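Worksheet: one structure, shown below.
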Amino acid sequence: MKKIFETNRLILRELSQNDVDGLFELFSNHEAMRYLPGTKSRNEVVQWLALAFESYQTMNFGPLAVILKRSNEFLGYCGLYRQKDVDGKDEIEILYGLIRRYWGMGYATEAAIGFYQYGKAELKISSFISLIAPGNLRSMKVAKSVGMKFEKEIQMWGNQYHMYSII
């Protein structure tokens, strides 16, 4: 498992098959998935993980495991992902999702800011978005903490999203 970077409290490393249980805890929680298309079965988590591995190979980035430095606990994921055809063009999205018991501690914000800085400095990416379901105030707060601004409402995957962006 390759470590990509660290923040004050977190290690961000490539996901591995060993993270399936933690990802399943996240993706099977109804409250954590409230603003996403729905919960995932263990098999769907394995498929999601395969997409992350594919992104590492094709894009040289993807969602990473968020690990708490002091305890080595798996908190969830955060990372960059290329979203195709977002209102007519491909965009790099900052994604984040944490296991419910780790909400409200600033970890998602810390990881997302870290990814913005890493993407700009190391990957030379010029702009980033986050697609956030209307009503998902926690994710909107994280996006704003990164410095993102609401840009527009768009339709993706048959749902309405608020697109936040930063250059």
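Read-outs throughout are calculated quantities, based only on the coordinates presented, and are distinct from any laboratory measurement. These numbers were taken from a predicted model, which means no experiment stands behind them. Don't worry about glycine lacking a Cβ; one is built from the backbone with ideal geometry, like all the others, and counts go over all protein chains shown.
Annotations
- Under the condition of being surrounded by fewer than 20 Cβ atoms within 10 Å (Cβ to Cβ) and not charged (D, E, K, R), the residues counted in segment 78-89 number 4.
- From the list Ser130, Ser165, the lone residue that is surrounded by 15 or more Cβ atoms within 10 Å (Cβ to Cβ), of a type in the set (Gly, Ala, Ser) and either in a loop (DSSP other than H, G, I, E, B) or within 14 Å of the chain's Cα centre (by Cα) (or both) is Ser130.
- Only one of the numbered conditions (1) within 19 Å of Arg34 (Cα to Cα); (2) touching a Lys or Arg at 6+ places or on another chain (Cβ under 7 Å); (3) of a type in the set (D, E, K, R) is violated by Glu110, and that is (1).
- Conditions (1) surrounded by fewer than 18 Cβ atoms within 10 Å (Cβ to Cβ); (2) within 21 Å of Pro134 (Cα to Cα); (3) β-branched (Val, Ile, Thr): number failed by Ile92: (1)
- Considering segment 85-119, and only residues there that are among the charged types (D, E, K, R) and under 16 Å from the mean Cα position of the chain (by Cα), the residue that is nearest to Phe24 (Cα to Cα) turns out to be Arg100.
- Complete set of residues in segment 53-76 that are under 18 Å from Ile99 (Cα atoms) and either part of a helix (DSSP H, G or I) or of a type in the set (Lys, Arg) (or both): Lys69, Arg70
- Considering residues of segment 95-127 that are of a type in the set (Val, Ile, Thr) and in a loop (DSSP other than H, G, I, E, B) only, the residue farthest from Leu64 (Cα to Cα): Ile125
- Qualifying residue in segment 141-162 (condition: charged (D, E, K, R), in contact with a helix residue (DSSP H, G or I) (Cβ under 9 Å, 6 or more places away or on another chain), surrounded by fewer than 19 Cβ atoms within 10 Å (Cβ to Cβ) and not in a loop (DSSP other than H, G, I, E, B)): yes
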